[in-house]
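Q: The structure under discussion is supplied below as structure tokens; questions concerning it will follow.
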Amino acid sequence: MKGSPLPQYPIPNKLAEHVIEVRGTRLSSWRGVGVGYNAFAVESFLDEIALAQGKDPIAFRLELSEGQARVQALLRTVAEMSDWSRRREGRALGVAVMEKDDTLAAGVAEVSVERATGKIKVHRIWAAIDAGLAVQPRNLAAQTEGSIVFGLGHVVREQITIKDGRVQQSNYTDYEIARMSDVPEIDVKVISTDHPPTGGGEDGLPLVAASVGNAIATLTGARLRELPFAPDRVREALGA
């Protein structure tokens, strides 16, 4: 399953398995395929481990990725882009890393939470991507920005519910995609390397849920494990 072998973290004695679950409804691929949701789970769990060990999330990932020069370069790049060590009043930062078909990316999100309503606001996202030799770096940056916006919609709004065997949503009036007001300032840095060129059409998306969720956990102490991060779920996690 894409997003579970984790070559970016050379952990010894590693095993990735999956179970096919019968859902009773037809499913299809999401942008980012398996990495989209597996990165959310893996990178959220890594932050929990870092917290339990009293380690900075980026420092912990640098430790886990020792010997992986490409990943380390991306982590150091987004740390510098976001001024990672600077504290923000009423906001927090979260980080995530992803690997898909030898394309690597790292991202940091800056988030605030309105505790009374449970509404989250993503203020900025910084991302760095290494897709090998960047043949068209401006297009690669644009694709990364677009997939970040696509992923953000699923983090803050998009949701399908099924009742009595039928999908309840019918149009964009009740299936809300990301609005312009949801979109943060996005800064993408393309790192071109001497590795063979790989893909870059969906590699921003897997960074969004984990980096935003990790930022929320850092800010509030509440860990969200289900998308979207709708206000009612945030308030429930906060104990409201």
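Q: Can you work out the accessible area per residue across region 151-240, with the rest of the protein chains kept in place, probe 1.4 Å, in square angstrom?
A: Heavy-atom accessible area per residue stands at 54 Å².
Q: Here's a follow-up. For region 131-194, count all C-alpha to C-alpha pairs, find those more than 14 Å apart, and express that count as a whole percent of the total.
A: 66
Q: Take the chain, mark every one of the GluC sites (Glu not before Pro) that falls in a DSSP loop and has at most 14 other Cβ within 10 Å, then report the longest stretch left between them, sites excluded.
A: That gives 90-225 as the longest site-free run.
Q: I would also like to ask the following. Let me see the pair-distance distribution of region 65-150: every alpha carbon pair, 5 Å bin width, integer percents in order.
A: In order of increasing distance, the bins hold 3, 13, 21, 23, 17, 12, 7, 3, 1, 0 percent.
Q: Under 14 Å Cα-Cα from Lys119, which aspartates and glutamates qualify once same-chain neighbours fewer than 8 residues away are excluded?
A: Asp182, Asp232, Glu236
Q: Next up: Say we join alpha carbon atoms closer than 10 Å with springs in a Gaussian network model of the chain; which of Lys55, Lys14, Lys100 then has the biggest fluctuation?
A: Lys14
Q: Summing Lys, Arg as +1 and Asp, Glu as -1, what charge do residues with Cβ under 9 Å from the Cβ of Lys100 carry, Lys100 excluded?
A: Charge balance in the 9 Å sphere: -4.
Q: Hey, got a sec? Which trypsin sites (Lys or Arg not before Pro) in region 172-240 land in a DSSP loop and have at most 16 other Cβ atoms within 10 Å?
A: Arg179, Arg223, Arg225
Q: Write down the Å³ per residue value for the convex hull defined by the alpha carbon atoms of region 102-240.
A: 129
Q: Which whole-number value in Å² is the accessible area per residue of region 1-93, probe 1.4 Å?
A: Per residue, region 1-93 has 65 Å² of solvent-accessible surface.
Q: Going by the alpha-carbon gyration tensor, a ≥ b ≥ c the square roots of its eigenvalues, is the chain rounded (a/c under 1.5) or, if a/c is not under 1.5, prolate (a/b greater than b/c) versus oblate?
A: Verdict is rounded for the chain.
Q: Between region 165-240 and region 36-61, what is the C-alpha centre distance in whole Å?
A: 16
Q: Using a Gaussian network model of the chain whose springs link C-alpha atoms within less than 10 Å, name the residue from Gly90, Gly36, Gly199 with the highest mean-square fluctuation.
A: Gly90
Q: Of the cross-linked pairs Lys2/Lys163; Lys2/Lys189; Lys121/Lys163, which ones have a Cα-Cα span greater than 27 Å in the structure shown?
A: Checking Cα-Cα distances, Lys2/Lys163; Lys121/Lys163 exceed 27 Å.
Q: Can you tell which of Gln72, Gln159, Gln168 shows the greatest fluctuation in a Gaussian network model of the chain with Cα springs below 10 Å?
A: Gln168
Q: Once every DSSP H run of n ≥ 4 in the chain is given -39500 (n - 2.57) and the sum is divided by its residues, what mean residue ellipticity at 222 nm do you get, rounded to the nearest 500 deg cm²/dmol?
A: -11500 deg cm²/dmol
Q: Among the aspartates and glutamates, select those whose C-alpha is under 13 Å from the C-alpha of Lys100, and discard any that sit fewer than 8 residues away in the same chain.
A: Partners found: Asp130, Glu202, Asp203.
Q: Report, to the nearest whole %, how much of the accessible area of region 199-240 belongs to carbon and sulfur atoms, 1.4 Å probe, protein only.
A: Carbon with sulfur: 43 percent of the solvent-accessible area.
Q: Determine the shape class of region 174-214: with a ≥ b ≥ c the square roots of the Cα gyration tensor eigenvalues, call it rounded for a/c under 1.5, and otherwise prolate if a/b is greater than b/c, oblate otherwise.
A: Prolate, since a/c reaches 1.5 and a/b exceeds b/c.
Q: Out of the total accessible area of region 1-94 (probe 1.4 Å, heavy atoms of protein only), what percent is carbon and sulfur?
A: Within region 1-94, the accessible surface is 54 percent carbon and sulfur.
Q: Can you classify region 1-120 as rounded, prolate or oblate using the Cα gyration tensor, where a ≥ b ≥ c are the square roots of its eigenvalues, rounded means a/c under 1.5, and otherwise it's prolate if a/b beats b/c and oblate if not?
A: Oblate shape, in that a/c is at least 1.5 and b/c is the bigger or equal ratio.
The values are calculated or read from the model by the stated rules, or taken from the named source; none is laboratory data. These numbers were taken from a predicted model, which means no experiment stands behind them. For neighbour counting, all protein chains shown are included, and Cβ atoms are generated from backbone atoms with ideal geometry for every residue, glycine included. Please note that ligands, DNA and RNA were not included when accessible areas were found on the heavy atoms of the full protein model with its side chains. Shrake-Rupley method; radii C 1.70, N 1.55, O 1.52, S 1.80 Å.
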